[in-house]
Amino acid sequence: MSVNPSRQDARKPRPWWLGLGVLAMGALWLNGARSIASTTNYIGVGPAAIILAVGIGLTILGVILITQTMRGELVAAAEGEDEAPPSRSAFLLALAGVSIPLLTIRWLGFPLSAMLAFTLVTHAFGSRRTGLDLGVGAVLGSAAWFGFSRLGISLGPFLPLIG
Amino acid sequence: MDILNQLIGGFAVALQPMNLFWALIGCALGTAVGVLPGIGPALTIALLLPVTAQVAPASAFIMFAGILYGALYGGSTTSILLNTPGESGAVMTALEGNRMARNGRGAAALATAAIGSFVAGTIGTLALTFLAPAIAELAFVFGPEDYFALMVLSFTSVAVVMGRSMVRGFTALFFGLALGTIGIDTQTGQTRMVFGTLELLDGVSFTVVLVSLFAIGEALYVASRSGTVPAAINPLSGGSWMTRQDWARSWKPWLRGSVIGFPIGALPAGGTEIPTFLSYALERRLSKHPKEFGHGAIEGVAGPEAANNAAAAGILVPLLTLGLPSTATAAVLLAAFQNYGLQPGPMLFATNPDLLWGLIASLYIGNLILLVLNLPLVGIWVRLLLIPRHYIYGGIVVFALVGVWGLSTSWMDLLLMCGLGLIGYVARVYDFPIAPVLIGLILGPQAEIQLRRALAVSQGDWGVLVSTPIAATLLSIALLVLVVPPMLARLRSRPKAEPAISTG
């Protein structure tokens, strides 16, 4: 099946969804170009033209990527063969760390959200000293809040709950 | 000797105590960050972009220049001692330098890297000093069609050169171009691709894209693969300084590396990988000790490290003279200029000479600061590697949050950060290059403006795009860039490819 069978592991999942994603994005942009009232004035290139071009490009690339995947040319980047397999739980934990501010930043404010994000990420890396990590995260988040506020960068209220 | 006068004026700016202070901060920060694996100069500058809100432009760019050069110095330290190159330009240094360190010659490897970087950085900066104004003059004759052709060339070469496959390079480029179309069309005021969200009217912020793709994507990637054994530090044991023989074997590679690095770095999409690789290959061929290569040949550290730094000076040429970024770092610097409402290019030499010449002068000073910082203090920088990895990545995520949330305290930006971070992770896993995304995002809208301007002047005649010799030549080169590599690959693989291709 694959071009170079000795190099690739047959059990490796083929990322068909990757090409599909690019294809979907292309379709989205093509659709977007349609809905822009293209004032195709005398220059011949209105605001929709570039979107159309990008949409066509993405669609073609999506098709090529899917073809490559089907032929087994597109698999995960070559890593050290002896490396441990990727850990899904660590990935999800890190992702939770990155996305927790979406839930908390409006009512807990920046320093506490940063503390939670920091702690979740350190745990994704295998740290188990929760108390210490929370402490370091709180110090780091507060220091960033104060430091950058002094530089004139607003990171929102310190603790929105209190005001 | 107009240039000399301008340069002296530049030194007057760069030597002001406040600016010296920023240069020192930039060099120290750049080195510190360069030492930490996984964070390059592009990301450091991007995380610091918010300071442009408060710091004067000249000071900010002097600091950024320090970070740019400092990260290269720091990167070589990590490559040599840890065998984990922080950025692609340091891969070749890792090859020989780490061997040297294992043989107890770490100090000599670090020294030849540092002095070579200084020599090459100075030569590259000299070349930049005398070349940039001339190229900027030249750029005045560029019409919109020429700029459009130049950007097309930049797109094709970035997509082809970066990454291992053209399809992935172009996918990254088109992804960036697509992100660049979000927001209000500058020429007609129409909203485009905002999906009914008011917050997208201003477009997708460059900082958000960069920070998410690099920092968040990298943190997710490393977290998911952190089960691997952590790299161990090679002690600087047997830290013998460079011997007379080391000097004799180093100085020619330094000069050759500079000569290779600068011009390639100055090309659109030149980058730093190709010159370091070329320099390594050349030193290997010229060396009197070819058997030492692969086992710690000092030429293999001196040459690529010089090429790396000279190329870094080279990437400033198209950036400052034409406003054309050729690497991720250059794209971030361009974004920084735009934050100040400045557009790098020929006009900037005329309108903001203090800023530009101050920046160029600070490169000389930064190089010197780095030499002083690095030769005696390398032991301190290495201590940074003792910070546990989970704290480093936790810290990176916190600073990414500062960069994204501090932009406009917009919840939508945080959402974009998560989404683009996931895309960055996927790109890392499946080996899609990031730089074309950034260059598509930052140059795409400009290319569109130039195209429409050219067509407006010609009243819709597409022939205008090849009407000038410059535009026609640049577009032909762009076509060659696109067509030649696959042809070469096909020619090369034909004799042996037949049996390898099985039925799909």
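The values are calculated or read from the model by the stated rules, or taken from the named source; none is laboratory data. This structure is a prediction, so every number in the text was calculated from the model and none was measured. Every residue, glycine among them, receives a Cβ derived from its backbone with ideal geometry; neighbour counts consider all protein chains shown.
For B:PRO318, the conditions (1) crowded, with 24+ Cβ neighbours inside 10 Å; (2) closer than 25 Å to B:THR78 by Cβ all hold with the exception of (2). Which one of B:PRO344, B:PRO325, B:PRO353 is surrounded by fewer than 22 Cβ atoms within 10 Å (Cβ to Cβ), more than 14 Å from every other protein chain (Cβ to nearest Cβ) and over 30 Å from A:ASP133 (Cα atoms)? Step by step, each of B:PRO344, B:PRO325, B:PRO353 is checked, and only B:PRO353 is surrounded by fewer than 22 Cβ atoms within 10 Å (Cβ to Cβ), more than 14 Å from every other protein chain (Cβ to nearest Cβ) and over 30 Å from A:ASP133 (Cα atoms). Here the range A:29-43 is the region considered, the condition is being at the interface with chain B (Cβ under 7 Å from one of its Cβ atoms) and modelled with pLDDT of 75 or more, and the residue that is nearest to B:LEU441 (Cα to Cα) is A:TRP29.
Within the option set B:LEU479, B:LEU465, B:LEU451, B:LEU455, being part of a helix (DSSP H, G or I) and closer than 22 Å to B:VAL161 by Cα holds for one residue only, B:LEU479.
Tell me whether the range B:356-371 contains one or more residues that are hydroxyl-bearing (Ser, Thr, Tyr) and surrounded by 24 or more Cβ atoms within 10 Å (Cβ to Cβ). Checked against the condition, which is being hydroxyl-bearing (Ser, Thr, Tyr) and surrounded by 24 or more Cβ atoms within 10 Å (Cβ to Cβ), the range B:356-371 yields at least one hit. For beta carbons closer than 8 Å, sequence separation of 6+ or different chains, a first residue in the range B:458-478 that is more than 14 Å from every other protein chain (Cβ to nearest Cβ) and a second that is assigned to a helix (DSSP H, G or I) and hydroxyl-bearing (Ser, Thr, Tyr), the qualifying pairs are B:ALA478/B:THR156; B:ALA478/B:SER157. Take the residues of the range A:145-163 that are out of contact with any Pro (no Cβ under 8 Å at 6 or more places or on another chain) and at the interface with chain B (Cβ under 7 Å from one of its Cβ atoms): which is farthest from B:GLY395 (Cα to Cα)? The extreme case among them is A:GLY152.
Cβ separations smaller than 9 Å between residues 6+ apart or across chains give the following pairs from the range B:406-420 residues that are at the interface with chain A (Cβ under 10 Å from one of its Cβ atoms) to residues that are surrounded by 19 or more Cβ atoms within 10 Å (Cβ to Cβ) and charged (D, E, K, R): B:LEU407/B:ASP413. Taken over the range B:326-358, residues that are under 17 Å from the mean Cα position of the chain (by Cα) and either within 22 Å of B:ILE264 (Cα to Cα) or small (Gly, Ala, Ser) (or both) amount to 12.
Inside the range B:136-185, can you point out the residues that are of a type in the set (Val, Ile, Thr) and under 19 Å from B:ILE439 (Cβ atoms)? Correct list: B:VAL152, B:THR156, B:VAL158, B:VAL160, B:VAL161, B:VAL167, B:THR171, B:THR181, B:ILE182.
The conditions of being surrounded by fewer than 24 Cβ atoms within 10 Å (Cβ to Cβ) and outside any helix (DSSP H, G or I) are met by B:VAL55. The single residue among B:ARG428, B:ARG389 that is more than 24 Å from the chain's Cα centre (by Cα) and over 28 Å from B:GLN54 (Cα atoms) turns out to be B:ARG389.
Restricting to the range B:416-464, name every residue that is modelled with pLDDT under 90, among the small types (Gly, Ala, Ser) and surrounded by fewer than 24 Cβ atoms within 10 Å (Cβ to Cβ). Within the range B:416-464, B:ALA456, B:SER458, B:GLY460, B:GLY463 qualify. The conditions of being among the β-branched types (Val, Ile, Thr) and touching an Asp or Glu at 6+ places or on another chain (Cβ under 8 Å) are met by A:THR122. Residues satisfying the criterion are absent from the range A:44-54 (criterion: closer than 19 Å to B:ARG164 by Cβ, facing chain B (nearest Cβ under 7 Å), at pLDDT 75 or above and surrounded by 14 or more Cβ atoms within 10 Å (Cβ to Cβ)). Filtered by the rule that a residue be touching a residue at least 12 places away in the same chain (Cβ under 8 Å), more than 19 Å from B:LEU68 (Cβ to Cβ) and in a helix (DSSP H, G or I), the range B:13-23 gives a lone residue, B:MET18.
Taken together, B:LEU278, B:LEU267 contain a single residue that is under 9 Å from B:PRO304 (Cα atoms) and surrounded by fewer than 21 Cβ atoms within 10 Å (Cβ to Cβ), which is B:LEU278. I'm trying to understand the selection: among the residues of the range B:156-182, which are modelled with pLDDT of 85 or more and over 20 Å from B:THR207 (Cα atoms)? Selection gives B:THR156, B:ALA159, B:MET166, B:VAL167, B:ARG168, B:GLY169, B:PHE170, B:THR171. Looking at B:GLY358, B:GLY379, B:GLY294, just one residue is in a helix (DSSP H, G or I), of a type outside the set (Lys, Arg) and either within 30 Å of B:ALA108 (Cβ to Cβ) or free of Cβ contacts under 8 Å to residues at least 12 places away in the same chain (or both), and that residue is B:GLY379. Beta carbons closer than 7 Å, at least 6 apart along the sequence or on distinct chains, pair a first residue in the range A:77-106 that is more than 17 Å from B:GLY419 (Cα to Cα) with a second that is modelled with pLDDT under 70 and not polar (S, T, N, Q) for A:ALA84/B:GLY227; A:SER87/B:GLY227. Among the residues that make up the range B:301-310, is at least one of them within 19 Å of the chain's Cα centre (by Cα) and part of a loop (DSSP other than H, G, I, E, B)? Checked the range B:301-310: no residue is within 19 Å of the chain's Cα centre (by Cα) and part of a loop (DSSP other than H, G, I, E, B). Does B:GLY97 meet the test of being surrounded by 24 or more Cβ atoms within 10 Å (Cβ to Cβ), closer than 17 Å to B:GLY300 by Cα, among the small types (Gly, Ala, Ser) and at pLDDT 85 or above? Here the answer is yes, as B:GLY97 does meet what is asked.
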